[in-house]
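These notes are about the structure you will find just below.
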């Protein structure tokens, strides 16, 4: 049997029940989910599915991440609600590729762990699955393991085995809809220009689950704790001199509302540009001296930003200023700052070694 796997939370309990229901069945997993966006989220879910399959001794095949094709087949369905036409097309696309893979490797039956998801319509999934089964002459098994407390057991098992519990189905359209309903921004779709790892980001979660795998391989005891914090993200920032943009690097959590702010540098001393607005300008040479770095220019700094500890260190050293802006060279002039930021309550997972 080839089992289409959507995520570890749905598949972990589903595979356990499948093994109990069909003890003699040879099971192969197939991870094909081009709907998942962004790509970092895809990598995170795939990594956790690998963890899950490893625990159950199940071979896992990874399908192609062809999101461009998925966007094409769901075109003009962007505003469809959850369980609507877009979900139907999404199921059909993923299960058709699953059926083709089953033919390729000689399997005679298929199923999907999507049947376990509380957010999906079991009836809608059954109709699509049987349609695909008839088209490819495959047996389709529609297991409803949600019944009789199955969903509660699913989440209990996910907590016990410390699985990654994502908070949206996977596609960017559902994500935007869910966040808009709660008046929140879809921060998962925000990535820095450079390689900086943002707090609470998908990249940070990937590193966390890499450490979890290391702990499991070493049989090291650990726990995962949730930490609430005030998150901040600079959506965009621009510094203009005489109407022309200059390369700049922002440090601090200054609240920008998108409107323009004019700041005059009244004094320059030892690479520091002082203003009357509690905003400090630094030239790159001064910045390199403080952070013990050797950046060639601001563009280099933007694409290869300082580490989080160094970022916090310079913030602490210059804590008298609410905003620090690094430029290649500072001039005694008036700079125009145009920027937009967001600040919101967030939760991140933290690994604690016991």
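The values are calculated or read from the model by the stated rules, or taken from the named source; none is laboratory data. Note that the structure is a prediction, hence the values are computed from the model and not measured. Every residue, glycine among them, receives a Cβ derived from its backbone with ideal geometry; neighbour counts consider all protein chains shown.
Numerical summary
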read-out: Meets criteria (surrounded by 19 or more Cβ atoms within 10 Å (Cβ to Cβ), within 27 Å of the chain's Cα centre (by Cα) and assigned by TED's automatic domain parsing to the domain that holds residue 155) for residue 69; value: no
read-out: Residues (more than 19 Å from residue 38 (Cα to Cα), outside any helix (DSSP H, G or I) and either in the same structural domain as residue 303 (by TED's automatic domain parsing) or touching a residue at least 12 places away in the same chain (Cβ under 8 Å) (or both)) located in region 180-222; value: 220, 221, 222
read-out: Hits in region 195-212 (condition: surrounded by 14 or more Cβ atoms within 10 Å (Cβ to Cβ) and touching a helix residue (DSSP H, G or I) at 6+ places or on another chain (Cβ under 9 Å)); value: 196, 197, 198, 199, 200, 201, 202, 203, 205, 206, 209, 212
read-out: Selection status of residue 56, surrounded by fewer than 18 Cβ atoms within 10 Å (Cβ to Cβ), out of contact with any strand residue (DSSP E or B) (no Cβ under 8 Å at 6 or more places or on another chain) and over 19 Å from residue 145 (Cα atoms); value: no
read-out: Of all residues in region 100-137 being outside any helix (DSSP H, G or I) and either in contact with a helix residue (DSSP H, G or I) (Cβ under 6 Å, 6 or more places away or on another chain) or not assigned by TED's automatic domain parsing to the domain that holds residue 86 (or both), the one that is modelled with the highest pLDDT; value: 110
read-out: Leading residue by the ranking (nearest to residue 232 (Cα to Cα)) among those in region 306-347 that are surrounded by 20 or more Cβ atoms within 10 Å (Cβ to Cβ) and touching a helix residue (DSSP H, G or I) at 6+ places or on another chain (Cβ under 8 Å); value: 324
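Here's the yes/no breakdown for (1) more than 23 Å from residue 118 (Cα to Cα); (2) over 21 Å from the mean Cα position of the chain (by Cα); (3) in contact (Cβ under 8 Å) with a residue 40 or more places away in the chain:
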| position | (1), (2), (3) |
| --- | --- |
| 9 | no, no, yes |
| 17 | no, yes, yes |
| 21 | no, yes, yes |
| 52 | no, no, yes |
| 76 | yes, yes, no |
